[in-house]
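The values are calculated or read from the model by the stated rules, or taken from the named source; none is laboratory data. What you see is a predicted model; the values in this text were computed from it and never measured. Ideal geometry is used to build each Cβ from the backbone, glycine not excepted, and the neighbour counts take in all protein chains shown. Heavy atoms of the whole protein, side chains included, go into the accessibility calculation; ligands, DNA and RNA do not. Shrake-Rupley method; radii C 1.70, N 1.55, O 1.52, S 1.80 Å.
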Amino acid sequence: MKAEPVFYVGPDDVHAALRQAADDYRLDRQTGQPIRLEVWSETAGMVSQLRAVADPYGVPVYSGSGFSGLSAKRTAALRMAADPRPVRVFVISDWDPSGVHLFSALAEDVEAFAVVDAPGSEVVFERLAVTEQQIEERRLPTAPTEDTDNRSFTGTSTTQAEALPPDVLAAVVRDAITSHHDPLTLAELLNREERERRGLLADLNIHADLGPH
């Protein structure tokens, strides 16, 4: 952990930072949508890939490996409970005993915390990939289940989530998000976002012109 002082080279450096902040200005793109969405990935290595698809819609992506402790699960439940809308979590994980049980346990624990911390809240977990249907239709590579894993598992073989082609996974996630998203609401929000961004940049340019010469 570092604790370094924040400093600027001079006023021009401050102006540049403010202009960059204005350029990066964005609103919560889930505002006004009927359901709040999240994407959870079993592996941290797939987060950036999934974020590229989910980010334009304002949908956050989390790594399931970060929710191993009860404290993290309760934090997730509190985050969901803070929003009065129903919450739907899209799950991406391997098709094997570990992947199936990881998220079934997450779902059970998070839903249990939500019941205590926000009675009446609605949290639904939906597995998007990998599914048996996807494995069959896409003829994805499989491996036998390990004899040492005694957890119940309905599959006869295992498949990693990474086996699903990136463009196919992107389409699966995008379709899931848009099926719960109102496009007109998002379009209006993006128009407002652009107007406010231009207004911020215009204000910064005016103040810069009024500065010392």
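Which of the residues belonging to segment 175-192 are surrounded by 15 or more Cβ atoms within 10 Å (Cβ to Cβ) and in a helix (DSSP H, G or I)?
ALA176, ILE177, THR185, LEU186, LEU189
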Residues in segment 18-58 that are under 25 Å from GLU188 (Cα atoms), in contact (Cβ under 8 Å) with a residue 12 or more places away in the chain, open to solvent by 10 Å² or more (accessible area, probe 1.4 Å) and part of a loop (DSSP other than H, G, I, E, B) total 10
From LEU102, LEU70, grab the single residue that is more than 21 Å from VAL168 (Cβ to Cβ), buried (at least 20 other Cβ atoms within 10 Å of the Cβ), out of contact with any strand residue (DSSP E or B) (no Cβ under 6 Å at 6 or more places or on another chain) and not acidic (Asp, Glu).
LEU102
Scan segment 118-140 for residues that are farther than 19 Å from THR159 by Cβ and under 22 Å from the mean Cα position of the chain (by Cα) and report the count.
6
All-but-one check, LEU140 against (1) part of a helix (DSSP H, G or I); (2) open to solvent by less than 70 Å² (accessible area, probe 1.4 Å); (3) over 30 Å from PRO84 (Cα atoms), failing number (1)
